[in-house]
Every structure is written in C-alpha cells, then in structure tokens.
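**Q** The structure that follows is given in the form of structure tokens.
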Amino acid sequence: MLSWVKDVTRLTKPKNVFWFDGSDDDTAQITKSMLDRAELIKLNESEYKNCYLFRNLPDDVARVKERTFICTKTPEEAGPTNNWMSIIRAKTLLNELFDGVMLDKEMYIIPYLLGPEKSKYSRWGVEATDSPLVALTTAILTKAGKTVLEEFGDSGRFVRGIHSTGNLKKENRYICHFPDEELLMSINTNYGGNASLSKKPHALRLASFQAKKEGWLAEHMFILELEDPNGKCFYISGALPSASGKTNLAMIRPPKAFNDWKIRTVGDDIAWIHCSDEGSTVGINPEHGFFGVAYDTGPYSNPNILECIKKNTLFTNVGLTTDNKPWWEGLTEEVPKNVIDWTGKRWASNSKAPVANKNSRYATKIDQYSLKSKNYNLPDGVPISIILFGGRRANLVPLVYEAYNWEHGILIGAMMRAETTTAISGKVGQLRHDPMGMMDFCGYNMGDYFAHWIEFGKKLKTKPRIFFVNWFRKDGLGNYLWPGFSENFRILKWMVDRVENGIDAVSTPIGYIPKVDSIDLTGLDIKKETVEELLKIDKDGWLKELSEIKEFFYEFDGKIPNELWNEYYKLEKRLIESQ
Ligand code: SAT
Ligand code: MN
C-alpha cells in the first residue's frame, strides 16, 4: 500500500498527504477545514446535531453514465451496456489529467473495509482523493481508517482508487474502471456516486467482476429482515432501479393492523450474495451507512429514517431554512418561508423549480439507525429466502408475481425495465432497460452476467424464490391503483406466506399471481376490483414487451445463455397458447 501511495503522490503531487485514521478527531479536523473554507454549512445544532450541508455544482449532482467507462482489453468484455475504453487510451488520458492535479491540495488516503470485520466475504479498498467531501462520505458509508488497517495487515490485495475533484469540467469528467488491475480512477467530479469510489465503482462494478471470477454475486439490492408475530425472521433481498424506493422499502414500517410484525434493515443499496459452505444463500451488506435520496423522503415514504438523520448526517443538495435546518420536498407539507434552494439562492415562492435537488442525499451511519437488524453486521451474513425484482411501470406489470423457478426468475430479472428517474443524469419518465437494477453497475458483459446467475444457482442447495413487484401501476386516468408506501408490506407478507406457508396462488402465463383474497388487506380501504385490476395480465401487452426484450437480448451477440432463451420461449408459448 505504501509503495502505491508513493506512486500516486508522484503522479498527483499533492502539497501533503493526510492519512485518514477514521477517528472522530480526524473527521472533526476535515470538517473544520471545510467549514473554514465555507465548503460546508453547519446545520441547526439543537435539531440536527453534528449535521452538515454540502452543495455540489449544479452540473455535478448525479452519476453520469456517458462519462463512466469499463477499461478492458476488448470491448466484448465490457459488453453492449457499458461504455468501453481501451486500457492504453484510458491510462494515457488519465495519467495526463492526474499529472500534478493535486499541486496545492491535500491528499487524503482512506483505507476502507466493505463488509463486516473478520468476514471472508469482506473486501478492502483504499481511496486516494483530494476531496474532503469524499473523505467524510467514505467515513460514513464504510468502515474506514485505523481499524481497517489493523485487519489489513500486510495484505497486498485491495482495490486501488484514485480520485480528484479537478476542475469539475464535464468534458473532462471520467469515471474509469480497470477490473483486471482492480483499479479505479475518477476525475473532475465530486458527486457521491462518481467520486466516492467505495460505493458503486468498487462495491458493484469491480465487485461484480470479482464475484464472477470467484463464484458469488455483487448486486444492487437491499436486504431486509422481516420478523413474524412468532419471532421467526426472514430475509428478503431486492433490486429496484435507483430512486425507485429501494431505501424506503428496506425501512418500511408495517401498517397499524400488523403491529406485531417487524421490519428491520440489513442494507439499503448493495448486497453481496454468497453460497455458504452448506449450500445456502447468504447475503452481507458491504456498506456501513446509507446514501439515500432526501427529496420526497418524509412521514409517508419513510418515517423511520427521519429520526436517524437528525444527527451525524451529511446532506448534499437539499434546501436550507432560515434557522439552518435542511429541507426538501416531502419533508413537511408547507415550504418554509424564505427557504434557500439547493443551489444557494433564495427560493421564490412562485418558482417552478424544486427547493431541493431531486437527487439530493443524506449520508448517515447504519449504526445509529434504530431499526437495523441485529444481524446486519454478521460475518457469515444472513440467509436470503426471497429475491425480489421490481420497477416503476405505469402499466402492464402486475402488483406482484412470482417466477416458476430460478431460471425463470433470472429471466424476469433480466427483463426488468423501469421509467427513468434522476439518479442518473438524463430524461425522466422514459422506459429504460435495467436488468436486475444492474444496467449501470455490472462491471462486465451482462450476457456473461446472466450466465453467471444461472451457474450460481447450480451451487445452491435451496434457492431463494424470485418475485417481481410494481407499486406504480396506474388506471386509465393516470391515478395510482395501489397506495404504496407502508402498504407495500402486505405484498412482502404475501411472499413470505407463499414461501413459508405454501399458500395457493394462481398460475398465469407470466408466473404465479396472488389470489385476490390472499393479500391481507386488513385495515386498508381498497376495492376488490382495484386489486383485480392491479393483478390483470394483458397478454397482448406482454407479447409486445417480449418482442422488445428480444431486441435487447440480441444486442448481446449470442451471449445470452440458452437457459434464459428457453425460459423466454416457454413464456412466449404460454402467452400465445392462453390467447
Ligand atoms: O448515485 S449513487 O450511486 O451514489 C446512489 C444511487 O444511485 O444509488
Ligand atoms: Mn443505488
């Protein structure tokens, strides 16, 4: 590690090197230096203890796919869903951009651990960055610093990450991944998802590549714990596209009628899933904190997180009230008077622009979240019995359905499409392929990735059951049919009833759907016809969907595994025969 840090120092030429030991002292020192330079705003201490606001530049507030590259020997290794750059070209370009980039700056060296301590499933990384924001964020989202170094010992294996805020010019923004070398290089951005390399670049893109080689899965999934009234716990892992309510689902509060059920969180964004020595499916959360979307988070969408983010939390791109409290749409009904918007300007009350950026975030430690699972940090992980995929779809996709088997489940994961949100820069509301929520995060050819899922399943003695959910179906007038939020718990309960209690379901061409009366609707005012509508299968619509999926699969140039095509044709046949 020392010799690598020397190399990075020679390249970037910082004025000094700050070895971040993860202590409160170090964190306080970095925080103070940022406050002195007016890069951070201290929030109201009595209501938001030790909380800060950081404002990114307006064109640097989300991940940028078009500036994100997988650098391998051949484009085929990266596959059609990734931007590819040759290793030589990327290195030439980046070495030039990084040359002397930290001249008048401090370089922070941040050793971090992804996953529980003393776990064979955990992995190390080190990020060298000139961004104090990245240092603070990494200290929240991972285990960083001295404790890690102690475990690290003389190990030479760690993911190397080099980052510089640079000049923030978009044309020269690069987030480059070199899977063969386990190296990450990112420049001219300071937004979490691009700059905090431990997160998506390491824990998903590089980890997915490592996982393929080593026989496990690195997934864009939450893990939640559901405890039934008898005290039995089940673990559900699920992938929803960014900003589709993944964090909120992982922290869902059951409706009143289900007071004796408990939902606790193991992780909200990333799951590393392994086949244990006994052949069971176990998952860990590689992260140690939450980097959740603030915008729209409130008493309805996620009451549980609100208390947690009132201390030791780093907010980005939210609004600011006159008494220095953070504010975003959804937090309270009324916009506070004289609020400052996320860009730092006074918000005009007739303005159509939002107060907080739609991708505004809170970074906070899982430790201080009261409803974390007591097993969130187990070295052996937690047993996963249900895998859930989902997407935001105004029509076609029913509220919930279950795959017939593992391979069929992989197909429905691969078929996942969702209406776009703002976590990735670009247009909102268009339909976009997002297989298993990994479109932006799979560090290699996704055709090989699907094949890897099939292979992984072969090792498992008991396979998790696979479901698909869609909370966002609308009626002909554009109204949501399902109330969503905490009511989604009812669907989780149905899944558990299926898996644990074997309750009956209806076979349809696309999979099993619930019998209308088997979703527990106690205390919910919803018409039976609405539930029927929510579960309706539009066969012609599905055949059209399949033809579009086929086009997508063709892009993989023969890499889609036969098992997936078999499931595809079986599904098509079921749809045609049921006409
Ligand atoms: O943009 S991040 O990857 O940091 C957060 C997310 O989209 O889940
Ligand atoms: Mn995510």
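The values are calculated or read from the model by the stated rules, or taken from the named source; none is laboratory data. In this text the structure is predicted, and so the values were computed from the model without any measurement. Counting neighbours? That spans all protein chains shown, and the Cβs are built from the backbone with ideal geometry, glycine included. What goes into the accessible areas is simple: the full protein's heavy atoms, side chains included, and nothing from ligands, DNA or RNA. Shrake-Rupley method; radii C 1.70, N 1.55, O 1.52, S 1.80 Å.
**Q** Using Stokes-Einstein with the Kirkwood hydrodynamic radius over Cα pairs, what translational diffusion coefficient do you get for segment 1-109 at 10 °C and a viscosity of 1.306 mPa s, in µm²/s rounded to a whole number?
**A** After rounding, the answer is 91 µm²/s.
**Q** Going by alpha carbons, how many degrees (0 to 90, nearest 10) lie between the helix axis of 87-98 and the longest principal axis of the chain?
**A** The angle comes out at about 50 degrees.
**Q** Projected area of segment 61-196, taken from the Cα convex hull and averaged over every viewing direction, in nm²?
**A** 8.8
**Q** Against the longest alpha carbon principal axis of the chain, how many degrees, from 0 to 90 and to the nearest 10, is the axis of helix 24-36 turned?
**A** For helix 24-36, the angle is close to 70 degrees.
**Q** Nearest 500 deg cm²/dmol is fine: what mean residue ellipticity at 222 nm does the chain get from its DSSP H runs of n ≥ 4 alone, each adding -39,500 (n - 2.57), divided by its residue count?
**A** -8000 deg cm²/dmol
**Q** Restrict the search to segment 54-91; then list the trypsin sites (Lys or Arg not before Pro) that DSSP places in a loop and that have at most 14 other Cβ atoms within 10 Å of their Cβ.
**A** Answer in residue order: Lys73.
**Q** What does DSSP give for segment 84-183 in terms of the percent of beta bridges that are antiparallel, rounded to the nearest 5?
**A** Beta bridges within segment 84-183, antiparallel portion: roughly 60 percent.
**Q** Please find the FRET efficiency linking Leu168 to Lys352, where r is the Cβ-Cβ separation and R0 is fixed at 22 Å, and quote it to the nearest 0.05.
**A** 0.25
**Q** Which Rg and Dmax, in Å, describe the Cα atoms of the chain?
**A** Radius of gyration, then largest Cα-Cα span, for the chain: 23.3, 71 Å.
**Q** Sticking with this structure for a sec: Answer with one residue from Asn445, Val516, Phe489: the one whose Cα lies farthest towards the positive end of the charge dipole of segment 405-544, charges on Cβ with Lys, Arg +1 and Asp, Glu -1.
**A** Asn445
**Q** Would you mind telling me the share, in percent, of accessible area of segment 479-550 contributed by carbon and sulfur at probe 1.4 angstrom?
**A** Solvent-exposed carbon and sulfur of segment 479-550 make up 46 percent of the total.
**Q** As a test question: what accessible area, to the nearest 10 Å², does Asp380 have when a 1.4 Å probe is rolled over all protein chains in place?
**A** Solvent-accessible area, nearest 10 Å²: 110 Å².
**Q** OK, next. Classify segment 392-489 from the C-alpha gyration tensor, please: rounded if a/c falls under 1.5, else prolate or oblate depending on whether a/b exceeds b/c.
**A** Oblate, since a/c reaches 1.5 and b/c is not below a/b.
**Q** Oh, and also: Give the percent of DSSP beta bridges with both residues in segment 343-480 that are antiparallel, rounded to the nearest 5.
**A** Bridges in segment 343-480 are about 60 percent antiparallel.
**Q** Apply the a/c threshold of 1.5 to the C-alpha gyration tensor of segment 441-505 and tell me whether it is rounded, prolate or oblate.
**A** The shape class here is oblate.
**Q** On a 0 to 90 degree scale, rounded to 10, what angle separates helix 2-12 from the longest Cα axis of the chain?
**A** 80
**Q** Can you tell me the dipole magnitude for the chain around its Cα centre, using point charges on the Cβ only (Lys, Arg +1; Asp, Glu -1), in Debye to the nearest 20?
**A** I would put it at about 680 debye.
**Q** For Leu535, what accessible surface area do you get with a 1.4 Å probe? Give it in Å², rounded to 10.
**A** Only protein atoms counted, so the area is about 10 Å².
**Q** Percent of accessible area on segment 28-70 owned by carbon and sulfur, 1.4 Å probe?
**A** Ligands and nucleic acids excluded, carbon and sulfur give 56 percent.
**Q** Positive end of the charge dipole of the chain (Lys, Arg +1 and Asp, Glu -1 on Cβ, about the Cα centre): tell me which of Leu97, Tyr569, Gly344 has its Cα farthest that way.
**A** Gly344
**Q** Rounded to the nearest 20 debye, what is the charge dipole size of segment 358-458 about its Cα centre when +1 sits on each Lys and Arg Cβ and -1 on each Asp and Glu Cβ?
**A** Around 520 debye, computed over segment 358-458.
**Q** I'd like the antiparallel share, as a percent to the nearest 5, of DSSP beta bridges with both residues in the chain.
**A** Approximately 60 percent, going by the DSSP bridge assignments.
**Q** Please work out whether segment 471-577 counts as rounded, prolate or oblate from its C-alpha gyration tensor, where a ≥ b ≥ c are the square roots of the eigenvalues and a/c under 1.5 means rounded, while otherwise a/b larger than b/c means prolate and anything else oblate?
**A** Prolate, since a/c reaches 1.5 and a/b exceeds b/c.
**Q** Take the Cα atoms of segment 129-223, find their three principal axes, and give me the spread along each one in whole Å, biggest first.
**A** Taking the Cα atoms of segment 129-223, the three principal extents are 38, 29, 29 Å.
**Q** Leaving out ligands, DNA and RNA, what percent of the accessible area of segment 377-460 is carbon and sulfur, probe 1.4 Å?
**A** Its accessible area is 51 percent carbon and sulfur atoms.
**Q** Given 25 °C and 0.890 mPa s, how large is the Stokes-Einstein diffusion coefficient of segment 358-438 in µm²/s, with Rh as the Kirkwood radius over Cα pairs?
**A** Calculated translational D: 156 µm²/s.
**Q** Related question: Please report the orientation-averaged projected area of segment 320-469, defined via the convex hull of its C-alpha atoms, in nm².
**A** Convex hull of Cα atoms, orientation-averaged projection: 13.1 nm².
**Q** Follow-up question, since we're still on this one. Per residue, how many Å² of accessible area does the chain show with a 1.4 Å probe?
**A** 39
**Q** Could you give the C-alpha radius of gyration of segment 72-128 expressed as a fraction of 2.2 N^0.38 Å, taking N as the number of residues it contains?
**A** 1.61
**Q** Convert 25 °C to kelvin, take the viscosity as 0.890 mPa s, use the Kirkwood radius over C-alpha pairs of segment 193-324 as Rh, and evaluate the Stokes-Einstein diffusion coefficient in µm²/s, rounded to a whole number.
**A** 150
**Q** When only Cα pairs under 8 Å and 6 or more residues apart are kept, what is the percent relative contact order across the chain?
**A** Relative contact order of the chain: 15 percent.
**Q** Each label point is 7 Å from the Cα along the Cα-to-Cβ direction; what then is the distance between the points at Glu529 and Lys256, in nm?
**A** With each label point 7 Å from Cα toward Cβ, the separation is 2.7 nm.
**Q** Now for a different question. Give the residue from Cys51, Pro379, Thr281 lying farthest towards the positive end of the charge dipole for the chain; charges sit on Cβ (+1 for Lys and Arg, -1 for Asp and Glu) and the dipole is referred to the Cα centre.
**A** Cys51
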